[in-house]
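Below is one structure, written out as structure tokens, with a few remarks after it.
Rule-based calculations on the coordinates, nothing more; no lab input. Since the structure is predicted, the reported quantities are computational estimates derived from the model, not experimental observations. Note that we place each Cβ from the backbone using ideal geometry, even for glycine, and neighbour counts take in every protein chain shown.
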Amino acid sequence: MKKIYLVLIVLIGISVSCTKNFEEFNTSTTRATVVPAGFLFANAQKALADQISSTNVNLNNYKLFAQYWTEVTYVDEANYDIVTRNVSSFVFRAYYRDILADLKQATAILNEEAAVGDEEIAVKQNQIAIINLLEAYCYQRLVDQFGNVPYSEALDVDNISPAYDDGFEIYKSLITNVTDAIGKLNTSYGSFGTDDLYMGGDVAMWIKFGHTLKVKLGITLADYDPALSKSTVESAYAGIFDMGEKCDLEYLGGSNSNPLYQDLVQSGRHDFVPANTIVDIMNELEDPRRPAYFEINGETYRGAVYGEGTSFSQNSHIADPIQEPTYAMILLDHTEAAFYLAEAAERGYSVGGSAEEWYNNAITASFAQWGLETEAAAYLAKPEVAYGTAAGDWKQVIGTQAWLAFYVRGFVGWTSYRRLDAPTLNLPPFPEPTVGGMIPKRMTFPINEQTLNAANYAAAAAAIGGDEMKTPIFWDN
């Protein structure tokens, strides 16, 4: 019995001792209790670049919608079936859960951290402003995909059924936020340093990103609100990326490879080939960028009939450099901005140059991106390319060359086509019936929103004119 009492006393002593130091005992000395804001920011950047780059049919169908590529065997997505794989739900999840939630949390952590002294205060302000710019970039892409989306009530853990905001109202808010963020950035101080995977902490480059994004926001509104479009573009054009400048993610390879490498090479599958839509146009123009875009098949560049299904070996393939694990993914660059400013000049905006000057500038920048600087002048001299002699009105001329330059950046190419209706794209042979015999105008809302957020889903669908792929985004007049 004494032995039993002794054991109990020892156990009680241990228990009391542990209880006195319970908090210390139960706290890991090797794991961070709070994730640093810089880590969350970098994680969001990586997730965003992956989403933009990927050609996984569950996550990103836009290289197909833009008709840069087509599918070889399984042609559902090239024929606009986005329901079977519930693509919209995966897109929503990527933006809201994997990107915007991290950006919001990074801001919350920064706001909670005490900043002492002018330098710490300025660095913190720069960091929050940069996050705001990237948030605006993401929300513009969401609006341009779906129309109305959760915005003012988004990412609230206490509200699992957020309302959908009007797309135009979101745009106006984004323009205000971008303008405010640009004004708060101070180049005399740093920001995220090496945690910034896009710009390496270069605040001056983020200011240029902000101006370029503002031009993009403004020009997208050109047919919907010309006055706001004009004032937005004119207030920002002077600060855009210079020739050769861009915002991109340079992948490291290995476990941090470009998703295109994972989809096209590492998977061991041969699901995609260049579409005849882009190959035929570039063949007609004898476009020098063809070897950078495609692998030749025999003596010709041969694109597969869009949406029909084909044999991998019978067609040209995607160029090898694009399939490298370290291939960089561009989010925004001078080429894109220059095409927007060519359009702005045609619309009568004051943007420091004529439409032809910005058009030539944009094409030259595109050629330089692919290492073809010396061939741009001869291409621009072709009557079928030169601004004054190329066939069609200015929308067709600018729209066709912009679409060609945006190759690989499927969403940007698809959006350019939706805005300018150029070039002429092909209708696939087995199109999803709900598209109405046209190229999709938008992505439909996620299917699970119909049950998990039914009232707000119904209101959003009614507000935009129906939750269908043929319903245009508000700016698509």
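Derived from the Cα gyration tensor, the three semi-axes of the equivalent ellipsoid of segment 92-210 are 26, 16, 13 Å, largest first. Our note on the geometry: Cα centres of segment 178-240 and segment 119-151, 11 Å apart. Across segment 308-323, coupling constants 3J(HN,Hα) worked out from phi with the 6.51/-1.76/1.60 Karplus curve, θ = phi - 60°, read 8, x, 6, 9, 4, 6, 7, 10, 5, 10, 5, 4, 4, x, 5, 8 Hz, and Gly and Pro carry x. Using only Cα atoms and rounding to the nearest 10 degrees, what angle (0 to 90) does helix 276-285 make with the longest principal axis of the chain? Approximately 50 degrees, to the nearest 10. With the convex hull of its Cα atoms as the shape, segment 354-477 has an orientation-averaged projected area of 10.1 nm².
Restricting things to alpha carbons, find the Rg to Rh ratio for the chain using the Kirkwood radius for Rh.
Checking Rg against Rh, the ratio lands at 1.05.
Taking only alpha carbon atoms, segment 77-151 gives an Rg to Rh ratio of 1.17, where Rh is the Kirkwood radius. With a simple spin-label model that places each label point 7 Å from the Cα along the Cα-to-Cβ direction, the separation between Ala455 and Ser255 comes to 4.5 nm.
Overall, the chain carries a charge dipole of about 1140 debye about its Cα centre when +1 sits on the Cβ of Lys and Arg and -1 on the Cβ of Asp and Glu, all other atoms neutral.
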